[in-house]
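Here is the structure we will look at.
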Amino acid sequence: MGKDSLSVTDNRTGKTYEIPIQDGTIPAMDLRRIKVDDDDFGLMSYDSAYLNTASCRSTITYIDGDHGILEYRGYPIEQLAEQSTFLEVAYLLLYGELPTQDQLDRWVYDITHHTMVHENLRIFLDGFRYDAHPMGILISTVAALSTFYPEARNVNDWDSVELQTQRLVAKMPTISAFAYRHAMGLPYIYPDNDLSYPGNFVNMMFKMTELKYKPNPILERALDILFILHADHEQNCSTSTMRMVGSSLPDPYVAVAAAAAALYGPRHGGANEAVVRMLTEIGDVKNIPEFIDSVKQGQRRLMGFGHRVYKNYDPRARIVKETAHEVFEVTGRNPLLDIALELETIALDDEYFVSRKLYPNVDFYSGIIYQALGLPTTMFTVMFAIPRTVGWMAQWREMLREPGNRIARPRQIYEGATTRDYVPMADRG
Ligand code: CMC
């Protein structure tokens, strides 16, 4: 076994540099030693979409994309989805270990007792247009929470960090359900402390005139599993946003709003919404070959397929697919499922997708379930944001505790004009 270092020869100068290799990475700052002369700034690496740049050290989530492995704190996602609950997984992600019964009871109690929102927030929410996208409402309303808890700005006060963590995990379902009820023109439903985390969420979403809402246990469990699967996914776009915004030390409400904004896009959490639109547009199994052709010609993407990290079946997609069948036992089969299954079968056998290692990701089947649960497509990304708040908070807390953490500030390659003199208006051509 040779040395854990890299020898780099700069062909401009003929000089050789030794750069240490640690954990399969080289410290980017060591490249700065590579200069043509003393006035040279030194080499940088260029990686605009972070294809090959580790931005942090983390102990939270492990992904092996080639083998389709996902673990939270070392526990395989399959075991957690089968045996755990979302709030237990939330505890695991935030605190590093599975809770004891006492710890879990306390945690569930705390979350349950922070689900209410200030009445002014309800009035704030009323200000949105009737057709406002629930993600826009969610992002803005979470940011507005910042104004209700000014002490949250003190991110060095760990008691406060704990309190804001509980508030965020507890209030996201409430704000999300309110956003839905607003769009539907329905009265807001306040939290019911007798219900579980997912049970209370469906209560706030769907309760009508009944005195007590009784969630269907199969659907409640299905939702809990979906929440577990979406809780964290290491340094994806929204989580990196959380860390980046968090690195300037604002309160976590505005940082979560920024992360949720990153999630909103169709390349990220917005994909589940795009999948259902795509399946609806395809309309019939017989139209699939034509659709696949348009994808292969680069005219469009097969939404819910492909992943930056997974070059194998996304393990979450497998569990979502199984969960879909359980949900359909209760809700009746979503006809879009047949189109999705056939699309998957064709794509997994097609050279275009095989050679690019494009497999279904978590969003391919989740939207079909949400639709079967009666949710409008605009709510799908909201359903992703609720559990992902736990991951954002876990990663944000980890970042805050990292010794010597600094503000995130990438470099650029400047390609603009060189220095030139201001041109008065009269002289501009
Ligand atoms: N349909 C068709 N072709 C695709 C797809 C797709 N869904 N995804 C990637 N490709 C092709 C792409 O055209 C490129 O081909 P070529 O080498 O010929 O130019 C190659 O595969 C590599 O694609 P890329 O865009 O360089 O890959 P990326 O790592 O930058 O993008 C992605 C990852 C998830 C944004 C992309 O696969 C995609 O747009 N998928 C559809 C949207 C989607 O389902 N997003 C949800 C991601 S999972 C949930 C989450 O974490 O948010």
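Please go through segment 287-298 and pick out each residue that is within 10 Å of the ligand (Cβ to nearest atom) and either over 20 Å from residue 363 (Cβ atoms) or touching a Phe, Trp or Tyr at 6+ places or on another chain (Cβ under 7 Å) (or both). Once the filter is applied, which keeps residues that are within 10 Å of the ligand (Cβ to nearest atom) and either over 20 Å from residue 363 (Cβ atoms) or touching a Phe, Trp or Tyr at 6+ places or on another chain (Cβ under 7 Å) (or both), segment 287-298 yields 296, 298. Scanning segment 47-63 for residues that are more than 14 Å from residue 27 (Cα to Cα) and either under 17 Å from the mean Cα position of the chain (by Cα) or more than 16 Å from the ligand (Cβ to nearest atom) (or both) yields 49, 50, 58, 59, 60, 61, 62, 63. Can we say residue 302 is surrounded by fewer than 17 Cβ atoms within 10 Å (Cβ to Cβ) and part of a loop (DSSP other than H, G, I, E, B)? Judged against the criteria, residue 302 is not a match.
Taken as a whole, segment 69-81 holds at least one residue that is farther than 19 Å from residue 395 by Cβ, of a type in the set (S, T, N, Q) and modelled with pLDDT of 95 or more. Among the criteria (1) surrounded by 15 or more Cβ atoms within 10 Å (Cβ to Cβ); (2) part of a loop (DSSP other than H, G, I, E, B), the one residue 193 does not fulfil is (1). Scanning segment 235-286 for residues that are away from the ligand (no atom under 14 Å from the Cβ) and either of a type in the set (Asp, Glu) or not in a helix (DSSP H, G or I) (or both) gives 247, 248, 249, 250, 251, 281, 283, 284.
Would a scan of segment 331-354 turn up a residue that is within 27 Å of residue 90 (Cβ to Cβ), buried (at least 16 other Cβ atoms within 10 Å of the Cβ) and away from the ligand (no atom under 13 Å from the Cβ)? Break it down into steps so the answer makes sense when it comes.
Our first condition is that a residue be within 27 Å of residue 90 (Cβ to Cβ); within segment 331-354, this holds for 331.
Then keep just the ones that are buried (at least 16 other Cβ atoms within 10 Å of the Cβ); that gives 331.
Checking which are away from the ligand (no atom under 13 Å from the Cβ) leaves us with 331.
Within segment 331-354, one or more residues are within 27 Å of residue 90 (Cβ to Cβ), buried (at least 16 other Cβ atoms within 10 Å of the Cβ) and away from the ligand (no atom under 13 Å from the Cβ).
Within the bounds of segment 68-82, is there any residue that is assigned to a loop (DSSP other than H, G, I, E, B), touching a residue at least 60 places away in the same chain (Cβ under 8 Å) and touching a helix residue (DSSP H, G or I) at 6+ places or on another chain (Cβ under 8 Å)?
Yes, segment 68-82 has at least one match.
Would you call residue 370 within 13 Å of the ligand (Cβ to nearest atom) and not polar (S, T, N, Q)?
Numbers: within 13 Å of the ligand (Cβ to nearest atom): no; not polar (S, T, N, Q): yes.
Considered against the rule, which asks whether it is within 13 Å of the ligand (Cβ to nearest atom) and not polar (S, T, N, Q), residue 370 comes out as no.
Pairs are defined by a Cβ separation below 6 Å, a sequence spacing of at least 6 or placement on different chains, a first member in segment 360-372 that is closer than 12 Å to residue 270 by Cα, and a second member that is in a loop (DSSP other than H, G, I, E, B); the pairs so defined are 362/314; 363/304; 364/304.
The values are calculated or read from the model by the stated rules, or taken from the named source; none is laboratory data. Quantities reported herein were computed from a predicted structural model and do not represent experimental measurements. FYI the Cβ positions are ideal-geometry reconstructions off the backbone, even for glycines, and counts take in every protein chain you see.
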